[in-house]
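Written out below as structure tokens is the structure these notes cover.
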Amino acid sequence: MYKILEKSEIFKGISSEIIKELFNIVGWTIHKYDEEEIIAYAGKSMTEIHLLIKGSVRGEMIDPSGKVIKIDDRKTGRLLAPAFLFGKDQSYPINITANESTETICFSKKEFVKLLQQNGKVLGNYLFIISSITQFLAKKINFLTFSTIKEKFMFYVTSISESENSKTIHLPMTQEQLAEQFGVTRPALGRAIRELHNEKVIFSKGKSITLL
């Protein structure tokens, strides 16, 4: 288990021997979930934090019309909702569901604070995680300000293009996965991409997109 934890975001750069010593100091438990089992509901009070050590989960929101919008996927080594353990509103912002058979290590808030106090590297990793989430949410807000599917898609591919410093990019997910993230149907997204291609805004071939 400690070898797995070496690769997690919160214990990055810390040896398995030191992690084992830390786990002898702080309290923790292992929780197991079946595929499609709800780990946390939006609005649930967050008195503990989960570290994913097996499987994967997804975070989803439900809009007033009942449409499910995927916010994020989390795989082994990630903390679940780490930015909401502290602050004024200490509750889960979204539903978290297991995509497959999943296991987490769970720390109570008290024990997690103790863990942060025990090791400066763990504290530094946690601050980095929180900062990265803030940046991600800022980009998500910018993305949601675009009303049409074309605008959403162009914002998405332009962001990747800028980060990779290349006019040609390779989409990291399928159209179906991308449509789910946008909160639209796959045919509607496919139609928007074809229109952008025909309008010579982009050149699209499979997962390869060139900004024109």
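The values are calculated or read from the model by the stated rules, or taken from the named source; none is laboratory data. These numbers were taken from a predicted model, which means no experiment stands behind them. Note that we place each Cβ from the backbone using ideal geometry, even for glycine, and neighbour counts take in every protein chain shown.
Just to be sure, is I25 modelled with pLDDT of 90 or more, surrounded by fewer than 19 Cβ atoms within 10 Å (Cβ to Cβ) and either touching a Cys at 6+ places or on another chain (Cβ under 9 Å) or aliphatic (A, V, I, L, M) (or both)?
yes
In the list L137, L178, which residue meets the criterion of being in the same structural domain as K67 (by TED's automatic domain parsing) and more than 30 Å from S15 (Cα to Cα)?
L137
Could you check how many residues of region 16-31 are touching a residue at least 60 places away in the same chain (Cβ under 8 Å) and in a helix (DSSP H, G or I)?
The qualifying residues number 3.
Could you go through region 79-92 and let me know if any residue there is polar (S, T, N, Q), over 25 Å from E21 (Cα atoms) and in contact (Cβ under 8 Å) with a residue 12 or more places away in the chain.
yes
Determine, yes or no, whether T76 is of a type in the set (S, T, Y), closer than 14 Å to I10 by Cα and in contact (Cβ under 8 Å) with a residue 40 or more places away in the chain.
Spelling it out, T76 is indeed of a type in the set (S, T, Y), closer than 14 Å to I10 by Cα and in contact (Cβ under 8 Å) with a residue 40 or more places away in the chain.
Of the residues T148, T158, T102, T210, which single one is under 28 Å from E37 (Cβ atoms) and not basic (K, R)?
Just one listed residue meets the conditions, T102.
How about region 92-113: which of its residues are of a type outside the set (F, W, Y), under 20 Å from S131 (Cα atoms), surrounded by 16 or more Cβ atoms within 10 Å (Cβ to Cβ) and in contact with a strand residue (DSSP E or B) (Cβ under 7 Å, 6 or more places away or on another chain)?
Across region 92-113, the qualifying residue is only I94.
Quick check on my filter: what residues within region 32-73 are closer than 17 Å to P93 by Cα and in a loop (DSSP other than H, G, I, E, B)?
Once the filter is applied, which keeps residues that are closer than 17 Å to P93 by Cα and in a loop (DSSP other than H, G, I, E, B), region 32-73 yields Y41, A42, G43, K44, M46, T47, D63, P64, G66, K67.
Go through (1) without any contact (Cβ under 8 Å) to a residue 24 or more places away in the chain; (2) under 18 Å from L137 (Cα atoms) one by one and return the number of the condition S65 breaks.
Here S65 clears every test but (2).
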